[in-house]
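Below: the structure, in structure tokens.
The values are calculated or read from the model by the stated rules, or taken from the named source; none is laboratory data. All values reported here derive from a predicted model rather than from experimental measurement. With ideal geometry, Cβ positions are generated from the backbone for all residues, glycine too; neighbour counts draw on all protein chains shown.
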Amino acid sequence: MNVVSEAKDRIVVGTDGSRRADRAVDWAAGRAAALGLPLLILHVVPGRPTPSTPLTAVTASFEEGFHEEALERPDGPVVLGVDESPEARAAMWFAFETAAARGVPVVAIHAWQDRDSREIVARVTDIVDGMLTEARAEYPEVPVEVRVIHGKPHHELVQASKGAGLVVVGSRGIGGFTGLLLGSTSKRVLRDSHCPVVVTRD
């Protein structure tokens, strides 16, 4: 099991002691060193109940689902999941900072499952562009591709991860429950992504 989250002023990584989790810990340690942030390592004990804390979303039920061959591609784009949640705003800043440091573009993805039309795509694209205004101004050297897609958010993010260097998502989307470390989209992206994933919290 491996979960990487950027909390305020620190990076958090979860491990169950497996070999693939060791790779996640090594990767998180490198990110923490590069950003000058402290690293918090959480050890998850499979099969044992955890107390009711903000970490109750991290359980053994995800142990078997993570991609064994999630590859780091430093030259690949940074894929960013975009919505209107505070966690997604934190993800935006992390994604742009990482992309600027690596000299790669950001691919910002917003997906939805309600009815589809050209008018909705155009309106949502304008909204997403507005959400990215501050980060684009702060990092003008970072190329940005905005993808507004009618589909399931986790599916579109996983598809984009196939050629990406990193996927960055917020811990909870709109409607997420306070106290949960991960929302449904971030859980599924962590499980299925083809590259490393960073989950941010507001």
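Brief remarks on what is shown
- Subset of the range 153-202 (residues that are of a type in the set (S, T, N, Q) and at pLDDT 90 or above): Gln159, Ser161
- Condition check for Thr133: over 19 Å from the mean Cα position of the chain (by Cα) and over 19 Å from Ala90 (Cβ atoms): no
- Exclusive hit being at pLDDT 95 or above, under 21 Å from Arg201 (Cβ atoms) and not hydroxyl-bearing (Ser, Thr, Tyr), set Ala90, Ala108, Ala95: Ala108
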